[in-house]
Amino acid sequence: MKNKKKMPEFFINAFYESKFKDSLFVIKAGGKVIEDTKALENLLSNIRDLTLQGIKVLLIYGGGNAMDVESEKRGIPVEKIEGLRVNKEDNIAVMKHIVGGDLSLSLSAAMAKNNLEGMSLNAMPADWADVVLAPKSKGDLLTGGIDRVHARPINRLFKVTNFVACSCLALTRDGVICNINADTIATQIAIGTKADKLVFLSDVDGVKIDGKTAGIITSEEIDDLINNGTATGGMKVKLDNCKAALNAGVKRIHLFSGLRKNALKDEIYEPVGPGTMLFAESERASYENEVEAQKLVEGHK
């Protein structure tokens, strides 16, 4: 039997626009993606295409590798506890320079180059969340945590634009500049705004189990992956955040490498993407129905 002819691009685009229009995607991009000019421009090109289909995108980014390099140049120690940075005054000075300065400007330049309309913020505004200082050790004076996200000011921005970018620097109500782990910011905002998707972009394709990328992980499996040592360091932090988001009602979470060409579009628009998707076990039937519908639309059956 001959394969069915693939449906025209117009109808495929219409399918996705109908499916995702007016949705909010919260995307966290790690430093290795933001610091790589080619990867950054490709990511923003993909985001532009999403926004043109009516999808609202909030991009939260960090800059860990660049901060480590700059810290070494300045002779400033870099400390981490269970994958999370310790933030003393010297560390925040580096972060202001690298994340709030250099990377923020690079992102704005890449937005212009890719004709992506939107806003780029070098720190999370104080009215977005109740930010508190949450030291992890002695001397860790400027690590922040989020007590509560305020969806209204975030949603207000998305009434005038479909794209907002924000670094992992944050402001407390009394004007203290602190660092909050970018995964945590993205997770808490996704929960607080009831985002439709939460996406984590790094330099690896999802969660590796026995050397292979897991296509699907349910919330019920996360604890075992952490307890048996499969997920450690930064990946443990991600999975802890994923579990919190899923338990709070976020339907779909994606983990994949942002260094591949068109990684974001491939993960969102392919029936089965190259990374890891996470959802609650109760969502499995819904996910399988979505996959079948997408395959039919794209002529895969």
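The values are calculated or read from the model by the stated rules, or taken from the named source; none is laboratory data. Owing to the predicted nature of the structure, the values given are computational and were not obtained by experimental measurement. Neighbour counts are summed over all protein chains in view; Cβ atoms, including those assigned to glycine, are modelled from backbone coordinates with ideal geometry. Note: accessible area is taken over every heavy atom of the protein model, side chains too, but ligands, DNA and RNA are not part of it. Shrake-Rupley method; radii C 1.70, N 1.55, O 1.52, S 1.80 Å.
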Using C-alpha positions alone, give me the convex hull volume of the stretch 19-75 per residue in cubic angstrom.
66
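Suppose every K and R has +1 on its Cβ and every D and E has -1 on its Cβ; what is the size of the dipole of the chain about the Cα centre, in Debye to the nearest 20? Can you show the working numbers first?
On the way: 40 positive and 40 negative charges, 152 e Å.
My answer is approximately 740 debye.
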Explain nothing, just the number: dipole magnitude of the stretch 148-301 about its Cα centre with +1 on each Lys and Arg Cβ and -1 on each Asp and Glu Cβ, in debye rounded to the nearest 20.
720
Along each of its three principal axes, how wide is the spread of alpha-carbon positions in the stretch 100-142, in whole angstrom units, largest first?
44, 22, 11
Tell me, what % of the accessible area of the chain is carbon and sulfur with a 1.4 angstrom probe?
50
For the stretch 237-286 (alpha-carbon point model, no solvent) the Debye-based log₁₀ I(q)/I(0) at q = 0.19, 0.22, 0.30 Å⁻¹ works out to -0.68, -0.85, -1.14
For the stretch 10-156, what is the accessible area per residue in Å², given a 1.4 Å probe and the full set of protein chains?
47
Below 8 Å, C-alpha to C-alpha, sequence gap of six or more: please give me the relative contact order for the chain in percent.
22
Percent of all alpha-carbon pairs of the chain at distances over 34 Å, whole number, is 19
Computed, not fitted: 222 nm per-residue ellipticity of the chain from DSSP H runs ≥ 4 (each -39500 (n - 2.57)), nearest 500, equal to -12000 deg cm²/dmol
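Under DSSP H, which helices of the chain have Cα atoms covering 18 Å or more of the helix axis and a Kyte-Doolittle average no less than 0.0?
Numbers: long enough: 37-52 (22 Å, 0.04); 233-247 (22 Å, -0.21); 284-297 (20 Å, -0.87).
Those that pass (Cα extent of 18 Å or more, hydropathy at least 0.0) are 37-52.
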How are the Cα pair distances of the stretch 149-274 distributed, in percent, across 5 Å bins from 0?
2, 9, 18, 21, 21, 15, 9, 4, 2, 0
If amide H atoms are modeled at 1.01 Å from N in the peptide plane, then the residues at a separation of 5 or more from I216, or on another chain, having amide H under 5 Å from its own are M277
Taking the Cα centre of the stretch 17-168 as origin and charging only Cβ (+1 Lys, Arg; -1 Asp, Glu), how large is the dipole, in debye to the nearest 20?
320
For the stretch 102-195, with the dipole built from +1 on Lys and Arg beta-carbon atoms and -1 on Asp and Glu ones, taken about the Cα centre, which of I189, A123, L133 lies farthest toward the positive end?
I189
Options V86, V99, I177, ranked by Cα towards positive dipole end of the chain, top entry (Cβ charges)
V99
Classify the stretch 54-136: rounded, prolate or oblate, from the alpha-carbon gyration tensor (a ≥ b ≥ c, eigenvalue square roots; a/c under 1.5 rounded; otherwise prolate if a/b is larger than b/c)?
oblate
Which residues' amide hydrogens lie under 5 Å from the amide hydrogen of A29, considering only partners 5 or more residues apart or on another chain, with H built in the peptide plane?
I60, Y61, G62, L201
